[in-house]
Amino acid sequence: MNINLSKFLQLKFNIFLYRSLGWGIAYLYIIILGKLYLFLNAKEKKRIVLAVEAAFYNHKNYPEIRSITGNIYKGIFRHYYEKLFNAFSSVEELRGFMHKNIEDQGLSEIARGLSLGKGVLLVTGHFGGVEFAPGYLAAKHFPVTIIVRFSSPSLRDISIKKASNFSSRIIDAGSTPNILKAIHDNLKENRVVITQCDEIDEWRPSKEYINFMDNQILLDKTINILTKRFDTYMAFAIMHRLGGGKYKFIVNPLNDILVKFNSRNNNSMGALVLKFLEYYIYKFPEEWYQWKNCYRVMNFPPKTYTCYKSSHASVLRPTLAEG
């Protein structure tokens, strides 16, 4: 197929069915479409399999890796359900969902950052229910701006319209001529600007190496560029799936932790946020949906290898992480 999964699920006929069937049945329909897509796209499925093996073959045995991979497929389907529900459900339906199903931890760190008057750069990843994060913060009366690249014009149009209902803003990375200036202007207004640290398709390698999931990779320079350009408060957050349709929005402060981190390791803010993400990926691998793009930065294990069951690689544990 010459169409990716995101665009495949956003075909007009499919969107019509989601809205007609109701979102409960729509989730089952998305799973069926997702399985069909992976069946027809063996190359993409193979990339996911190899990436999971590359991350876990020193830590898990083969049956465990197969189980993790199966759960990752389910997590990918869940992500697209969340993405489509977030975009195409009604404003009232989405507000009610977030009020009922999302709890938070460490939200005071964002308020603390805004109290300094220089804005907050909130870093996250392609993880869990991240699609709900901007709307959740806006519903909590935080001034939110999200940087996003849209996979279709229809998703762009409806997302911008819905953002206005939540008093949030969107920086469209696909059409904004100067993204750094747009980020600067929003931080200057003392807003929360949300960006992601794992845009592997847009990776801009620096000269700094970091161990990421048992692979020595060149760190993406984007977060470090933002850190050097803007004197702002920084935090890392994820929207963790708790199961049963429930979520927990977890926020970790970064500025203070970086000082402690650098006392032991000569690493940058970009390295710090990636280590935070790595912690959550190892703990909840089914919630990360960038596995198919890992071939761009990871070395896959040899065709003949032995899986081992051992402790995870040492990663930085976020101070507020629980569960």
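The values are calculated or read from the model by the stated rules, or taken from the named source; none is laboratory data. Source: prediction; values computed, not measured. Cβ sites come from the backbone with ideal geometry, for glycine too, and all protein chains shown count toward neighbours.
Checking the stretch 133-140 against the condition returns no match, with no residue being touching a strand residue (DSSP E or B) at 6+ places or on another chain (Cβ under 8 Å), more than 25 Å from residue 273 (Cα to Cα) and surrounded by 15 or more Cβ atoms within 10 Å (Cβ to Cβ). All of (1) touching a helix residue (DSSP H, G or I) at 6+ places or on another chain (Cβ under 7 Å); (2) surrounded by fewer than 18 Cβ atoms within 10 Å (Cβ to Cβ); (3) modelled with pLDDT of 90 or more hold for residue 72 with one exception: (2).
Restricting attention to the stretch 218-245 and to residues that are among the charged types (D, E, K, R) and under 17 Å from the mean Cα position of the chain (by Cα), the residue that is farthest from residue 271 (Cα to Cα) turns out to be 241. Return the residues of the stretch 46-69 that are crowded, with 21+ Cβ neighbours inside 10 Å and closer than 23 Å to residue 246 by Cβ; say none if nothing qualifies. Selection gives nothing. The set of residues in the stretch 159-171 that are crowded, with 16+ Cβ neighbours inside 10 Å and over 18 Å from residue 189 (Cβ atoms) comprises 159, 162.
Every condition in (1) in contact with a strand residue (DSSP E or B) (Cβ under 7 Å, 6 or more places away or on another chain); (2) over 18 Å from residue 275 (Cα atoms) is met by residue 229 except one, and the failing one is (1). Contact annotation: residue pairs with Cβ atoms under 9 Å, 6 or more positions apart or on different chains, pairing a residue in the stretch 26-40 that is in a helix (DSSP H, G or I) with a partner that is among the small types (Gly, Ala, Ser), are 26/20.
Of the conditions (1) modelled with pLDDT under 80; (2) more than 19 Å from the chain's Cα centre (by Cα); (3) not charged (D, E, K, R), residue 152 fails just one. Which one is it? Residue 152 satisfies all of (1) modelled with pLDDT under 80; (2) more than 19 Å from the chain's Cα centre (by Cα); (3) not charged (D, E, K, R) except (2).
How many residues, within the stretch 73-118, are closer than 25 Å to residue 7 by Cβ and not polar (S, T, N, Q)?
Going through the stretch 73-118 one residue at a time, the tally reaches 19.
For the stretch 15-29, the criterion of a residue being among the basic types (Lys, Arg) and surrounded by fewer than 17 Cβ atoms within 10 Å (Cβ to Cβ) is satisfied by at least one position. Hey, could you check the stretch 137-193 for residues that are assigned to a loop (DSSP other than H, G, I, E, B) and of a type in the set (Lys, Arg) and say which is nearest to residue 103 (Cα to Cα)? Among those that are assigned to a loop (DSSP other than H, G, I, E, B) and of a type in the set (Lys, Arg), it is 140.
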